[in-house]
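S.K.: Pasting a structure below so you can have a look.
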Amino acid sequence: MNTFIDMHDVGDALIRAGFGQPVMDVEYFTLTYPSPMGVLQDLKAIGATFAPQDGRGLTPPGRLRAMLAAYEAFRQADGRVPATYEVVHGHAWAAPEVFKGPERKRNGVYEMTLDEFTHQVRKS
């Protein structure tokens, strides 16, 4: 199972980066697919990967077949299989001192790369 950053840690990282009053929210979306393989194709398309905690490499074909067969238990009456996605999003206000760097734009928007943001979150 993959591990994900807790949304509260993201809010803490925003504060450490100089932002104030962070507001984090979460939404759940359930999409349905004609087959379990469709779920995997969508996950691949959004860049999701499996990161086993035991450090092993590729998933053996037998394990993939077993997972696809197990997913069939979730097939709905309409013949489709569901996948629920959790989407975490947030926003915060930037303090004036944040705007002193070269990242400041005329419209007051502060931009941070995903790598910079991830670094801030992992420091928590």
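S.K.: Are any residues in segment 24-45 in contact with a strand residue (DSSP E or B) (Cβ under 6 Å, 6 or more places away or on another chain), under 23 Å from His89 (Cα atoms) and surrounded by 11 or more Cβ atoms within 10 Å (Cβ to Cβ), and if so, which ones?
M.R.: Met24, Leu31, Thr32, Val39
S.K.: Could you list, in sequence order, all residues of segment 4-22 that are more than 30 Å from Phe50 (Cβ to Cβ) and out of contact with any helix residue (DSSP H, G or I) (no Cβ under 8 Å at 6 or more places or on another chain)?
M.R.: Residues satisfying the conditions are Ile15, Gly20, Gln21.
S.K.: Separate question: Of (1) more than 16 Å from Glu86 (Cα to Cα); (2) β-branched (Val, Ile, Thr); (3) modelled with pLDDT of 90 or more, Thr59 satisfies all except one. Which?
M.R.: (3)
S.K.: Could you check, for segment 88-98, whether at least one of its residues is in contact with a Gly (Cβ under 8 Å, 6 or more places away or on another chain), modelled with pLDDT under 75 and assigned to a helix (DSSP H, G or I)?
M.R.: yes
The values are calculated or read from the model by the stated rules, or taken from the named source; none is laboratory data. From a predicted model like this one, the values you see are computed outputs, not experimental measurements. FYI the Cβ positions are ideal-geometry reconstructions off the backbone, even for glycines, and counts take in every protein chain you see.
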